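The values are calculated or read from the model by the stated rules, or taken from the named source; none is laboratory data. Computed from a predicted model, the values in this text were never measured in an experiment. Here the Cβ positions follow ideal geometry from the backbone for every residue, glycine too, while neighbour counts run over all protein chains shown.
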Amino acid sequence: MEPAHPDPRIRILDEETINQIAAGEVVERPASVVKELVENAVDAGAETVRIEISGSGGIDRIRVVDDGMGMSRENVRLAFMRHATSKLQAIDDLHRIRSMGFRGEALASIAAVARVEVVTKPRGSGAVPATLLVISGGEVVEEGETGAPDGTSVAVEDLFFNTPARKKFLKSAQTELRHIYTIVEQMALAHPDISFRLLHNGREKIATQKKGTLLDAISALYGSDLARDLIPVRGRTAYMQVEGLISAPAHNRPNTAQILTSINHRQVSSAPIARAVREGYGTLLPKDRFPVAFLSLTVDTSLVDVNVHPTKREVRISREGELVREIASIIRESLRSARLIPQASPPPIPRHPRMPESGYTPSPGAWRVEAPVRAYHPVHREQSATDTQLRLTEKEVPGAARDALLPGMEVIGQLDAAYIMVTSASGSHEELVLIDQHAAHERVLYEQVRATREQGLRSQELLVPVILTLRPKEAVAVREALHLLLAEGFVLEEFGKDSFAVRTVPVVLGKQVEPEVIEDLIADVIGDDLRSAADKKEAVTCIIACRGAIKAGAHMTLEQMERLLAQLFLTDNPYTCPHGRPTMVSFSRERLDRMFRRS
């Protein structure tokens, strides 16, 4: 038998291979280039950072321009050598890192797989010319002088030109743009005092102001409506200072995507911190909803290890459990001292008020009709909405057939506005059955969405279009998903900069859909990063079913519960929801006897 490696001698890799391996760790996609160059600009003390993205069918060129301290001619060459850095002098400095970059790998890695042009001039150097350096595939191909303002400009072209296998795995231009928008948004939130401008093919997509506050940055990125209702957060513990803004409970999302946290001005992704923020809200939010939060944590650098990932996406925090509990407590206290009463929306004003036929214009109050004031209990509104939802998924079933759908079953009530309680005949005894009302209606909707797709009855026009105003990265994701959304019954039209008018929805959602339902549904669709078209279609079907279904917490009448069960038992699989969770569980008489120790 031949050995697996016929020539087992150990060799030293050549410099080109070493650089390309390092580039594979640091430079995953165009957004990685943007991240590294922008971080360098921040470390250089820039007050303004301009990011230019250009390309017709993809991302052909990335240019980052800053007004930072710039570099001398000698330092420019050193900057492109591996492990060359101005951030560290001794190993102990790793425990006191406050800069964005420190490994000395980024520029060398980018230059190894692209063509890079650098123009830089030290700040305050007067009439001294700037240095020009051009590197291609890790080799210097041009060096000289040129005219330029103080600061640094780095242009990157032909990314992965010498590693075609890497280039092949890049996603569509829209997907890559979305990742770039995410990086710039995160940097702008972590450094609100720096002005960031992002342009795509000359069109401005993101712009924040210089010397601004976190609230200014949020307003520029997310809109003034959200910024206006945010609640300040401020707290200090023995090891940490927390500052930021969180949303009132009325502004919530279906996932944790908008819980954004920076630690020592470095944007990080941390599931424990996100859970701590949600925990701070307690019962102010439904179980499946999450707040919007922008938090800046200043933590003792000895407790934070930022040297655990090549791209610095992750950090390790010692005393994490203690810090997480303190964050939840600070959030809780901030909410307790805030005014949380949501503002009522004013009633719509008719565009063309009807005038009296005589043409007489009444004086103010002349046409006022005094009507008795009636209290409208929220439960009534819920039950009315539930009735509409059930009507949309109802099938014509003869009375006798409908009774046969619930053999020996009798609805006896509702538990905590979430579970339907049913007794069911089982042999000589009855058993207790608990049915999850959301999972049950979700199964009904799921099968009906699939059925209407096969029949070609996919969409229904809304009585009033829903207008979605999105951030640049969300708008890019929607444009990329338009064909998928159209296939499922959604018709979206461009409605100004990064806004869309939703005109039709899947027929099972009806003609009057709450804007929040549409927003959550679109957010789920564009947030899904599934690979195959089949996976995406299945995911969208599940999302439509989930968002359109009766929710846990909706009070129902006995008649509505019976109608829902009738619909459930018409499905092919009434026993699980589309996600595989059970729709019902039963408690036999024998099991209840054992629970009460009667057997």
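Computed quantities for the displayed model
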read-out: Of the criteria (1) more than 19 Å from Asn75 (Cβ to Cβ); (2) crowded, with 17+ Cβ neighbours inside 10 Å, which one Pro122 fails; value: (1)
read-out: Members of the stretch 503-523 found to be surrounded by fewer than 22 Cβ atoms within 10 Å (Cβ to Cβ) and not aliphatic (A, V, I, L, M), listed by number; value: Arg503, Thr504, Gly510, Lys511, Gln512, Glu514, Pro515, Glu516, Glu519, Asp520
read-out: Top-ranked residue of the stretch 475-497 - restricted to ones that are modelled with pLDDT under 85 and acidic (Asp, Glu), ranked as surrounded by the fewest Cβ atoms within 10 Å (Cβ to Cβ); value: Glu480
read-out: Filtered residue count, the stretch 562-599, keeping only those that are modelled with pLDDT of 90 or more, assigned to a loop (DSSP other than H, G, I, E, B) and of a type in the set (A, V, I, L, M); value: 0
read-out: Members of the stretch 465-503 that are part of a strand (DSSP E or B) and closer than 19 Å to Asp225 by Cβ; value: Pro465, Val466, Ile467, Leu468, Thr469, Ser499, Phe500, Ala501, Val502
read-out: Residue ID - surrounded by the fewest Cβ atoms within 10 Å (Cβ to Cβ), chosen from residues in the stretch 391-444 that are in a helix (DSSP H, G or I) and at pLDDT 90 or above; value: His438
read-out: Meets criteria (modelled with pLDDT of 85 or more and in the same structural domain as Gln455 (by TED's automatic domain parsing)) for Ser532; value: no
read-out: Exclusive hit being among the hydroxyl-bearing types (Ser, Thr, Tyr) and either surrounded by fewer than 19 Cβ atoms within 10 Å (Cβ to Cβ) or closer than 28 Å to Ile518 by Cβ (or both), set Ser262, Ser269, Ser296; value: Ser269
read-out: Residues within the stretch 558-599 that are more than 29 Å from Arg453 (Cβ to Cβ) and either more than 36 Å from the chain's Cα centre (by Cα) or acidic (Asp, Glu) (or both), tallied; value: 16
read-out: Which listed residue is closer than 23 Å to Arg336 by Cα and in contact with a Pro (Cβ under 6 Å, 6 or more places away or on another chain), from Leu230, Leu214, Leu226; value: Leu214
read-out: Elements of type helices (runs of 4 or more DSSP H) contained in the stretch 105-202, each with 2 or more residues being within 24 Å of Ala217 (Cβ to Cβ); value: 173-190
read-out: Subset of the stretch 559-585 (residues that are among the small types (Gly, Ala, Ser) and crowded, with 18+ Cβ neighbours inside 10 Å); value: Ala566
read-out: When residues of the stretch 199-227 are limited to those that are free of Cβ contacts under 8 Å to residues at least 40 places away in the same chain and among the hydrophobic types (A, V, I, L, M, F, W, C), the one surrounded by the most Cβ atoms within 10 Å (Cβ to Cβ); value: Ala217
read-out: Single condition Ile246 does not satisfy, out of (1) β-branched (Val, Ile, Thr); (2) closer than 23 Å to Glu516 by Cα; (3) not assigned by TED's automatic domain parsing to the domain that holds Pro286; value: (3)
read-out: Residues of the stretch 137-166 classified as in contact (Cβ under 8 Å) with a residue 24 or more places away in the chain and within 40 Å of the chain's Cα centre (by Cα), total; value: 19
read-out: Considering residues of the stretch 323-341 that are surrounded by fewer than 14 Cβ atoms within 10 Å (Cβ to Cβ) and more than 17 Å from Ser296 (Cα to Cα) only, the residue modelled with the highest pLDDT; value: Arg336
read-out: Hits in the stretch 234-255 - residues which are over 16 Å from Leu285 (Cβ atoms) and of a type in the set (A, V, I, L, M); value: Ala238, Met240, Val242, Leu245
